């Protein structure tokens, strides 16, 4: 009889271990989802840095006149002026990382802004910011990248 209870006990332990392992697996994002997220962020980085050239306006310059990579996309003085005076011209570009507008707006509002050119307040961005009309997929990639950037303070730390 003891042998029978031992088998039942062992079976119960095996079932509990299998159930626990399955529960743990369900709580983790699948490897494919992590890979998809990583490729989305990588595409967003490409769009931000190579296509839209966001850092030209949104990254402060170092003392040598080069973009300060330690403060990437954290807002800066616009490095150029319009030919004709324009009262709607932005003098400063905002921080667009997760410590700035990306964090404040979140992914959905960023996607809406990048696909329509209208910000969450219902207004167009001030020049020189172009009214982008990205595809939803590209806008989601840009938003994912901006939200993935590490949080830093104004000194870049």
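The values are calculated or read from the model by the stated rules, or taken from the named source; none is laboratory data. All values reported here derive from a predicted model rather than from experimental measurement. Backbone-built Cβ (ideal geometry, glycine too); neighbour counts: all protein chains shown.
Remarks
- Every test in (1) in contact with a strand residue (DSSP E or B) (Cβ under 8 Å, 6 or more places away or on another chain); (2) surrounded by 19 or more Cβ atoms within 10 Å (Cβ to Cβ); (3) without any contact (Cβ under 8 Å) to a residue 40 or more places away in the chain is passed by residue 124 save one, and that test is (2).
- Summed over the stretch 65-94, the residues that are free of Cβ contacts under 8 Å to residues at least 60 places away in the same chain and either on the phi > 0 side of the Ramachandran plot or assigned to a loop (DSSP other than H, G, I, E, B) (or both) give a count of 18.
- Complete set of residues in the stretch 47-64 that are surrounded by 16 or more Cβ atoms within 10 Å (Cβ to Cβ) and not in a helix (DSSP H, G or I): 52, 54, 59, 60
- Condition check for residue 79: at pLDDT below 95, touching a strand residue (DSSP E or B) at 6+ places or on another chain (Cβ under 8 Å) and crowded, with 16+ Cβ neighbours inside 10 Å: no
- Residue in the stretch 101-109 that is assigned to a loop (DSSP other than H, G, I, E, B) and either without any contact (Cβ under 8 Å) to a residue 12 or more places away in the chain or in contact with a helix residue (DSSP H, G or I) (Cβ under 7 Å, 6 or more places away or on another chain) (or both) present: no
- Among the conditions (1) crowded, with 16+ Cβ neighbours inside 10 Å; (2) within 11 Å of the chain's Cα centre (by Cα), residue 73 misses just one, which is (2).
- Selected residue (criterion: farthest from residue 94 (Cα to Cα)) from residues of the stretch 114-143 that are in a helix (DSSP H, G or I) and out of contact with any helix residue (DSSP H, G or I) (no Cβ under 7 Å at 6 or more places or on another chain): 137
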